[in-house]
Amino acid sequence: MKQVRPKKNLGQHFLTDLSIAKRIADTVDACSDIPVLEVGPGMGVMTQYLVEKPRPFKVVEIDRESVAYLKQTLFKEESTDNDQQPTAIIEGDFLRMDLRKVFDGQQFVLTGNYPYDISSQIFFKMLDNRDLIPCCTGMIQREVALRIASEPGNKAYGILSVLIQAWYDVEYLFTVEPSVFNPPPKVQSAVIRMARNKVQQLDCDEDLFKRVVKTAFNQRRKMLRVSLRQMFNSSNPAPEGFFEHEIMTKRPEQLTIAQFVDLTNMVERFVRVRTQNVDLGQE
């Protein structure tokens, strides 16, 4: 069958090195013995090794040409005379899927050679469904992988680092060179594994936590007393003394996750007190 042509608008870079494909596929072995969902299988270079593993397995692919190729190759036996969709292939956009329907509400491992331009969105969806995804592995742009795995105090430490490490333990596994792709990307790639930690809930308002983290890193070179001013305005001013706390002299990359939790509680406490005072004044 004719091979699939990589499509630039889908960010497709097809892995051609079988040994690396197998190494990536084998990263799921360290995860729990639960089903596996592969995102963006393309022509199935990783899929051929994942499908051999003794656990339920599905792929989700948005590219119709890739779906047709998979139906005629790796999933040929599953096709029917009526040319119905093989049950292991989900044709659609992962970012729009209801993940609870993939394995009937059962937990699963997420893996894939993720498109560079939507990898962050994929991981944000993972965070929103962290009760369903205890483990995630796969290949992404090396720069993004370094950010996710970075510790406080490093230049790579940022929004993804904090939000993902709040819920997952991250392992940077290995680097992949551009020469093993068709077409070769302009950057290096890397393979990571993320496993759910023991945190069941943060000791703060989790929506506010995300807002504080994102606001702080929007001006990552500034001290918090500068960057956090974005959370206030003339009609919603910061409380007196708020920016005089010692933590406000730090830059966001200096804060641990625990400190971001404390900072979130500080913001919430001041906002709550001010709101209560306004309500009392109106009474």
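The values are calculated or read from the model by the stated rules, or taken from the named source; none is laboratory data. These figures come from a predicted structure and were not determined experimentally. Backbone-built Cβ (ideal geometry, glycine too); neighbour counts: all protein chains shown. Remember, those area values only see protein heavy atoms, side chains included, never the ligands or the DNA or RNA. Shrake-Rupley method; radii C 1.70, N 1.55, O 1.52, S 1.80 Å.
Taking the protein heavy atoms of the stretch 25-76 in the context of the full set of protein chains, the accessible area attributed to carbon and sulfur is 48 percent at 1.4 Å.
Take the chain with all the other protein chains still there, run a 1.4 Å probe, and you get 53 Å² of accessible area per residue. For the stretch 127-177, the gyration tensor built on C-alpha atoms gives an oblate shape. Its axis ratio a/c (a ≥ b ≥ c) is at least 1.5, and a/b is not larger than b/c. In the structure shown, the pairs Lys76/Lys125; Lys125/Lys198; Lys186/Lys250; Lys22/Lys186; Lys58/Lys125; Lys7/Lys76 are assessed against 26 Å; a Cα-Cα span above that value is assigned to Lys76/Lys125; Lys186/Lys250. Every helix of 4 or more DSSP H residues in the chain counts as -39500 (n - 2.57), and over all residues that averages to -9000 deg cm²/dmol at 222 nm.
Three principal axis extents of the chain based on alpha-carbon atoms, in descending order, are 74, 42, 33 Å. For the chain, the Cys residues with no second cysteine's beta carbon closer than 4.7 Å are Cys136, Cys204.
By the combined test of axial Cα extent (at least 18 Å) and Kyte-Doolittle hydropathy (mean at least -1.0), the qualifying DSSP H helices of the chain come to 257-282. Bridgeable aspartates and glutamates around Lys53 (alpha carbons under 15 Å apart, same-chain partners fewer than 8 residues away excluded): Asp26, Asp29, Asp33, Glu38. The stretch 176-244 and the stretch 41-55 have their alpha-carbon centroids 34 Å apart. When the solvent-accessible area of the stretch 104-150 is split by element, carbon and sulfur atoms take up 42 percent of it, the probe being 1.4 Å. Which shape class applies to the stretch 147-283: rounded if a/c is under 1.5, otherwise prolate when a/b exceeds b/c and oblate if not, where a ≥ b ≥ c are the square roots of the Cα gyration tensor eigenvalues? Prolate, since a/c reaches 1.5 and a/b exceeds b/c. When the trypsin sites (Lys or Arg not before Pro) in the stretch 119-174 are filtered for DSSP coil states and for at most 11 other beta-carbon atoms within 10 Å of their beta-carbon, the remaining sites are Lys155.
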